[in-house]
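See below for the structure under consideration.
The values are calculated or read from the model by the stated rules, or taken from the named source; none is laboratory data. Here the structure is a predicted model, which means the values were calculated and not measured. Cβ placement follows ideal geometry from the backbone for every residue including glycine, while neighbour counts extend to all protein chains displayed.
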Amino acid sequence: MFSFLTSTFMIYALIISLCLGLAAALISPYLVLNNQSMIADGLSHVAFTGIAFGLLLVDQPLYVALPIVILAAILITYLGNLKMINHDSAIGVVSAFSMAVGLIAISVSSGFNRSIESLLVGSILTVSPTEVIFAAVLLILIITFVLVFYRPLLSMTYDENFAKVSGVKNNLLKYFLSVITASFITIGISTAGMLLISAFIIFPALIASQLAKNFRQTITFGLIASVLSVFAGITFAYHLDIPVGSAIIVLYTILLVFSLLYRKFRRVI
């Protein structure tokens, strides 16, 4: 059943998927519980454009895409803080504009040699050691960020006004979280694709919140859900010869359905 672990490319796929899944599970509660989960979807559109330009200009698209997506994340946070436009609308404006620019650049360029489909569903099975290293470094950075700012992030997530009164610099934390999320989306989309990278952000907190009794459990259950979905998804994808990203999303969805049923059953009894 685990014969795929003898293949180097499958080991790389498993490592990078686990790194991305664990990284996403750590920041997922802060985004989903704070009604900012759509930023993952919005920034994935921006990353699409950044990677498209990167492929047209240099050999390593991350060098071009990363600063573009980070700037977009900062802009979205800034527009949301202005109160002149709500956060979801800011995401919609920036992501739609970025996607449009990216599609225009691809349509007028004759040097684009990567299919749009690969950016949508990813190419986990063809990742390089460099991309694995990028994902591992990102995971370490996110673990450090969450450990250092755990309590301020917790206060900001559940009661922003209380956090302000307690001396938490909400705006600064929002910018930090936006930059971390932008980095995750950019590194993840080049391998996992737009569809899977959004699922990585949204599903862990949704699943965990149905089971957890406190915030620590929310993070813990989210991490467990990510590991299970990634490992089982890659295993099934290998043996059934189906797309890895799609398999992982289906597993996430199954876990979400079971968690919802469990919560409903628990209330009944």
- Message: List pairs: first residue in region 41-65 and within 13 Å of Gly102 (Cβ to Cβ), second residue among the charged types (D, E, K, R) and at pLDDT below 75 anywhere in the structure, Cβ distance under 8 angstrom, at least six positions apart or on different chains.
- Response: Leu55/Arg114
- Determine which member of the set Leu206, Leu223, Leu228 is surrounded by fewer than 18 Cβ atoms within 10 Å (Cβ to Cβ) and in a helix (DSSP H, G or I). Leu228
- Could you tell me whether Val165 is surrounded by fewer than 17 Cβ atoms within 10 Å (Cβ to Cβ), at pLDDT below 80 and of a type outside the set (S, T, N, Q)? yes
- Query: Do we find that Thr218 is within 30 Å of Tyr78 (Cβ to Cβ), among the polar types (S, T, N, Q) and either without any contact (Cβ under 8 Å) to a residue 40 or more places away in the chain or in a helix (DSSP H, G or I) (or both) in this structure?
  - Reply: yes
- Item | Pair list, Cβ < 7 Å and 6+ apart or interchain, from region 1-25 residues that are modelled with pLDDT of 75 or more to residues that are assigned to a helix (DSSP H, G or I) and among the charged types (D, E, K, R) | Ile16/Glu131
